[in-house]
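The values are calculated or read from the model by the stated rules, or taken from the named source; none is laboratory data. Note that this is a predicted model, so its numbers are computed, not measured. Positions of Cβ are generated from backbone atoms using ideal geometry, with glycine treated the same way; all protein chains shown enter the neighbour counts. Accessible surface areas use protein heavy atoms only, side chains included; no ligands, DNA or RNA. Shrake-Rupley method; radii C 1.70, N 1.55, O 1.52, S 1.80 Å.
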Amino acid sequence: MREEEVPQDDSYYDGHLRACYAVDRQGRYVLVTSRGWQAETVATAVTVAHMAEQLESVRADVEAGRLSALAYHMTARMMTPDLLAASCGICRWRVKRHLRPGVFSRLPERLLIRYAECLDVPLERLSTIPDRARATPPG
C-alpha cells in the first residue's frame, strides 16, 4: 500500500496512532502512522467477542468441576496448554493433566508459584476464578 493510501478510520485505538509500513514515492518501505482501519476494527470486535464466549465456556466448565481454575486463568491470558508449558518450563502433558480439578488441587506450592508467576496471577487467586460481575480481562 502506498503511503497516501494508509487508512485513517476510527478504530479501537481511541485517538492513539499506530505504526504501519507503506511504500513511498521512491518505492521504499517507510513507517507511516494510522488512526486505524475499519476492516481491522470489525475483525478485532469479532475476535474479542469470540474470546469472551470462550472464556465464559471455560468458566462454566470450572464451575461444573470439569476443569481446574488453571484453565480459566490460562484462557483469560489467551494461552494454550502448549504455550503455558513453554512459558513455565513444564512438560505439555503435565500442564494438560493439571487442568483436571482433582490433580490441580494436589499440586505442590512450588509448582503453583510457577504457574502464578507465568500467568501473572497472585498465588492466592490461582485456585479461584473471579466473580462474573468483577471479571475483567487481564492487562
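If VAL58 passes every condition in (1) modelled with pLDDT of 95 or more; (2) in a strand (DSSP E or B) but one, which one does it miss?
Single failed check for VAL58: (2).
I'd like the residue in the stretch 1-25 that is of a type in the set (Asp, Glu) and over 23 Å from the mean Cα position of the chain (by Cα) and, out of all such residues, is least open to solvent (accessible area, probe 1.4 Å).
Filtering the stretch 1-25 for residues that are of a type in the set (Asp, Glu) and over 23 Å from the mean Cα position of the chain (by Cα), the one least open to solvent (accessible area, probe 1.4 Å) comes out as ASP24.
Please find, among ILE129, ILE90, the residue that is without any contact (Cβ under 8 Å) to a residue 40 or more places away in the chain, open to solvent by less than 70 Å² (accessible area, probe 1.4 Å) and hydrophobic (A, V, I, L, M, F, W, C).
Criteria check complete, one pass: ILE90.
This table checks each residue for (1) in contact (Cβ under 8 Å) with a residue 40 or more places away in the chain; (2) open to solvent by less than 60 Å² (accessible area, probe 1.4 Å); (3) closer than 21 Å to PRO122 by Cβ.
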| site | (1), (2), (3) |
| --- | --- |
| GLY27 | no, yes, no |
| LEU31 | no, no, no |
| GLU63 | yes, no, yes |
| TYR72 | yes, yes, yes |
| MET79 | yes, yes, yes |
| LEU84 | no, yes, yes |
| ARG100 | no, no, no |
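Kindly provide the set of residues from the stretch 1-52 that are part of a loop (DSSP other than H, G, I, E, B), modelled with pLDDT of 80 or more and touching a helix residue (DSSP H, G or I) at 6+ places or on another chain (Cβ under 7 Å), ordered by number.
ASP24
Looking only at the stretch 38-58, decide whether some residue is without any contact (Cβ under 8 Å) to a residue 12 or more places away in the chain, open to solvent by 40 Å² or more (accessible area, probe 1.4 Å), of a type in the set (S, T, N, Q) and within 20 Å of PHE104 (Cα to Cα).
Among the residues of the stretch 38-58, at least one is without any contact (Cβ under 8 Å) to a residue 12 or more places away in the chain, open to solvent by 40 Å² or more (accessible area, probe 1.4 Å), of a type in the set (S, T, N, Q) and within 20 Å of PHE104 (Cα to Cα), which makes the answer yes.
Within the stretch 102-122, take every residue that is within 22 Å of GLU63 (Cα to Cα) and touching a residue at least 12 places away in the same chain (Cβ under 8 Å) and give me the one that is nearest to the chain's Cα centre (by Cα).
Among those residues, the one meeting the criterion is LEU119.
Take the conditions at positive phi and either touching a helix residue (DSSP H, G or I) at 6+ places or on another chain (Cβ under 7 Å) or part of a loop (DSSP other than H, G, I, E, B) (or both) and apply them to MET74. Does it pass?
no
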